[in-house]
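Below: one structure, written as structure tokens.
The values are calculated or read from the model by the stated rules, or taken from the named source; none is laboratory data. Remember, it's a predicted structure, so these values are computed and weren't measured experimentally. Neighbour counts are summed over all protein chains in view; Cβ atoms, including those assigned to glycine, are modelled from backbone coordinates with ideal geometry. These accessible areas exclude ligands, DNA and RNA; they are computed on the full protein's heavy atoms, side chains included. Shrake-Rupley method; radii C 1.70, N 1.55, O 1.52, S 1.80 Å.
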Amino acid sequence: MCGIFGYIGPHQASPILLEGLRRLEYRGYDSTGLAVKNGAISIYKKVGKVQQLREILPQTIEGNMGIAHTRWATHGGVTDENSHPHPSAQGKVVIVHNGIIENARMLRTSLNVQGVKLVSETDSEVLAHIIERELSIDDNPEEAVRRALRQARGTWGICAVFKDHDMIVCARNGSPLIIGQGINEMFISSDPHALTAHTQQVIYLEDGDLATLTATSVKLSTLTGGDSSTKGTTLENDWGESELGDYPHFMLKEIYEQPDALRHCINGRLDRTRGSGKLGGLKLSPAALAKVPHVRLLGCGTSYNAAEIGRLLIEKLARIPTFAHISSEFRHNDPVIHPSALHFAVTQSGETADTLSAIKEIQLKGGNVHGVVNVVGSSIARLCGRGVYIHSGPEQAVASTKAFSNMVAALSMFALQIGRSRNISKERGVELIHGLQQVPHLVESYLENQGPILEAVELVKNAKSVLFLGRGISAPVAKEGALKLMEIAYIPCLAYPAGEMKHGPIALLEEGSPVIFIAPNDHVKTKTASAIHECRARGAKIILIHEEGDEIAEEGDVCISVPPVHNLLSPLLTVVPLQLIAYHTALELGCDVDRPRNLAKSVTVE
Ligand code: AGP
């Protein structure tokens, strides 16, 4: 979603800002802009990609300080005027803003009454004008921002530059901002990835923080004018390359990174001697695990699909009631929170607003939440304080692939850990450990021999809709396959537990309708086979994901086999051909694989 990058220091700001924007591109956006100060403040903004902004910039823009933005439209259409940065009426203040100002309408009206003309339809623009109005009182930028934000209701990550002052003032409430401290230079970004090229020394602003940056200093305070307790930290070296390298798309690169990502996730977290998982970051003793009354997992999109798999594994191995919830629904249903229950927030970005709100609801009601998070130091990782980092490395394609696999792997290890504390034998634990250790190699061997993916693409690429079916642990895999194909190839997809197909979705089938079945060799396979027969009888074309050497292959029109694996771990194999079908279909249809329309990598609004 929207991204912010800012710079103040000895170098020309514009190339640094453009490179910062380029690194924020993966988040998803529809327009970009930057402002550079050199006496006056020059603003350039444009609908489209960073490259289109680059094309309208003059050869050189003099100035050692500036702010830049990628916008994902919420209030107001996708237009140049609505793009950020936004200047104030007299041009003394220029801002970029992430988040939503909820009382913008009221603030607009009062600005109008005072004779201020707003030029955009955004909620953000009001902040520029109010800061300018406040600045006229005492010419103190920090106080002006503080007083302005006290009049606003909503969420913000905001950066402001001033025509008459050499500083950047920024503030956070609900939208992440991270200060990067260089030598005689400072950076500000909404995403740590964009900072790593410049510095590892960072300060994650907390909600309610306000910071004033010069090239050589950072002054932290709070919105109320007190001292901030926020401290600096060193960014961990993310394993994995965040650049494209020789791959045509990030999505393909990330699909291929899955074996190594899985190795990073499980490394050092399996205890063969005890036949258990060893997730130290959870800070949960076997005694504590034995007393847990139930488990709830929360997530959105792909993370929710991974949570559903985690739910099945935990229930199966620990015999404990477990529920998976869509975060955006959770808090609005006034959930009952048990203080001893375990709650997990599953998220790649660690910034998803719906999941953040669900966590706050649980915490407000006295519950604890553990994170299952990819991005180190993200808002959710910090809010939870305890949890499991899934160690996928940077994931840049909007369509999540390797993060899904690592979420499933991390939740499998947790299921094993809690299972051993309550229910399963050491032997069963060791079996699962053995299975998990084989997975990276098995995914690698599948990637070397992918089967007739392109034949599957031929069947789905022009379909009116595609039905994905699976049973048991493959039902959430079906959902994940449908989500992937829908989000990057824009084909309407439905996913159902296979047994439910005859209760409704079967009405959609006609001669040639593609149906993708996920049918690993587990205890529900024969039931899945019945659903295949029912589809075939209605003329459907069956794309079948199955285990190598399994006779069920006779049932498919296009059969894609994956190496056999421990039954409970089949999602880690069966999801890979689904990711590849989505990727190649999108490619075939000429879609922007890495940045599908309307979507954002991290969804920071509710
Ligand atoms: C995945 O392909 C999607 N782009 C999306 O559903 C995503 O999983 C969801 O927005 C949750 O994001 P998170 O994991 O960063 O919380």
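Annotations
- Residue ranking by accessible heavy-atom surface, 1.4 Å probe, largest first, among Asp271, Asp138, Asp166, Asp246 comes out as Asp246, Asp166, Asp138, Asp271.
- Angle of helix 353-364 to the longest C-alpha principal axis of the chain, folded into 0 to 90 degrees and rounded to 10: 90°.
- Cα-based shape type of the range 3-239, given that a ≥ b ≥ c are square roots of the gyration tensor eigenvalues and the cut on a/c is 1.5: rounded
- Surface accessible to a 1.4 Å probe, Val119 within the full protein complex, Å²: 110
- Dipole size of the chain about its Cα centre, with +1 on Lys/Arg Cβ and -1 on Asp/Glu Cβ: approximately 1700 debye, rounded to the nearest 20.
- Net charge in the neighbourhood of Leu205 (other residues with Cβ under 15 Å of its Cβ; Lys, Arg +1, Asp, Glu -1) is -2.
- Cleavage-rule hits (trypsin sites (Lys or Arg not before Pro)) in the range 85-189: DSSP loop, at most 10 neighbouring Cβ within 10 angstrom: Lys117
- Degrees separating the helix 571-588 axis from the principal Cα axis of the chain, which is the longest one: 60
- Report summary: the helix-based calculation at 222 nm, which adds -39500 (n - 2.57) for every DSSP H run with n ≥ 4 and divides by the residues of the chain, gives -11000 deg cm²/dmol.
- Local net charge near Ile314, Cβ-Cβ under 14 Å (Lys/Arg +1, Asp/Glu -1): +4
- Basic side chains Lys and Arg get +1 at the Cβ, acidic Asp and Glu get -1 at the Cβ, and with that the dipole of the range 60-162 about its Cα centre reaches some 320 debye.
- On the range 449-606, 49 percent of the accessible area sits on carbon and sulfur atoms, based on a 1.4 Å probe.
- Exposure check, 1.4 Å probe, all protein chains in place: Ile4 carries approximately 0 Å² of accessible surface.
- GluC sites (Glu not before Pro) restricted to DSSP loop in the range 44-120 with at most 16 other C-beta within 10 Å: Glu62, Glu81, Glu102
- Percent of beta bridges antiparallel (DSSP, the chain, rounded to nearest 5): 65
- Computed over neighbours whose Cβ is under 11 Å from that of Ala194, the net charge equals 0, Lys and Arg +1, Asp and Glu -1.
- Where only alpha carbons of the range 411-537 are counted, the Rg and the Dmax (Å): 17.3, 51
- Hydrodynamic radius by Kirkwood, which averages 1/r over all alpha carbon pairs of the chain, in angstrom: 25.4
- Oblate is the label for the range 1-93, because a/c, from the alpha-carbon gyration tensor with a ≥ b ≥ c as root eigenvalues, is 1.5 or above and a/b does not exceed b/c.
- Averaging the sequence gap over all C-alpha pairs within less than 8 Å and six or more residues apart, then dividing by the number of residues, gives the range 3-239 a relative contact order of 19 percent.
- To put it simply, the accessible area of the range 3-239 at a 1.4 Å probe is 49 percent carbon and sulfur.
- Heavy-atom accessible area ranking, 1.4 Å probe, most first, across Phe250, Phe5, Phe323: Phe323, Phe250, Phe5
- The range 244-446: Cα Rg divided by the 2.2 N^0.38 Å rule of thumb: 0.98
- Solvent-accessible area per residue for the chain (1.4 angstrom probe, square angstrom): 38
- C-alpha center-to-center spacing [the range 382-433, the range 436-508] in angstrom: 22
- Against the chain, whose longest principal axis comes from its Cα atoms, helix 125-138 is set at around 40 degrees.
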